[in-house]
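Derivation of every value follows stated rules applied to the coordinates shown; laboratory data play no part. Bear in mind the structure is a predicted one, so any value in this text is a computation, not a measurement. Because the Cβ atoms are built from the backbone with ideal geometry, glycine has one as well, and the counts that use them run over all protein chains shown.
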Amino acid sequence: MTLKEKHGKKACLAYLLAITDALEILNGKWKLPILISLRFGDKRFGQMKEEIPKITDRMLSKELKHLETNLLVKRTVYDTRPVTVEYSLTDYGYSLDEVIESLKNWGINHRKKIIAK
């Protein structure tokens, strides 16, 4: 029995809505690289900029704000001189681990398949 036969149009629309919601949060060139950088530990702005080639200060700032608004990243300001700001994944941000790992594995397999052509 195919998915179409089993669930029909209503299930398809619900499936598409869920995927659309996820992609709306993770879309763009930079959000996943930022999340991956933070999977390897809390970072300051400059550290992330070094780890993510070609991202501009403006784009990194914009994407961090978007990820913070969506509760995936936490921004902590320390009362030091000069002020220290550190970014970390929230527990909700870590809930993307399986998704990111699956994308990584798919990407590895896809690269092998395409290069093997």
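What distance in nm lies between label points placed 7 Å from Cα along the C-beta direction at Ala14 and Lys65?
The modelled label-to-label distance comes out at 3.7 nm.
Relative to the compact globular guide of 2.2 N^0.38 Å, what is the alpha carbon radius of gyration of the chain, as a ratio?
Relative to the rule-of-thumb radius for its length, the chain sits at 1.33.
Are there any helices in the chain, counted as whole DSSP H runs, that stretch 27 Å or more along their axis by Cα and score at least -1.0 on average by Kyte-Doolittle, and if so which?
Membrane-span-like by this rule: 3-26, 97-116.
Which value, in nm² and rounded to one decimal, describes the direction-averaged projected area of the C-alpha convex hull of the stretch 24-76?
Orientation-averaged projected area of the Cα hull: 3.4 nm².
R0 = 35 Å: FRET efficiency of Val77 with Glu101, Cβ-based, nearest 0.05?
My answer for the efficiency is 0.70.
In this model, which of Lys9/Lys112; Lys9/Lys31; Lys54/Lys104; Lys49/Lys74 are farther than 27 Å apart at the alpha-carbon?
Lys9/Lys112; Lys9/Lys31
With only Lys, Arg, Asp and Glu charged, each at its Cβ (+1 for the first two, -1 for the last two), find how big the charge dipole of the stretch 1-75 is about the Cα centre; round to the nearest 20 debye.
80 debye
In what order do Phe45, Phe40 fall by count of nearby beta-carbon atoms within 10 Å, going from fewest to most?
Sorted ascending by nearby Cβ count, the order is Phe40, Phe45.
Which value in nm describes the separation of the simple spin-label points at Leu32 and Asp91, placed 7 Å from the Cα toward the beta carbon?
2.7 nm
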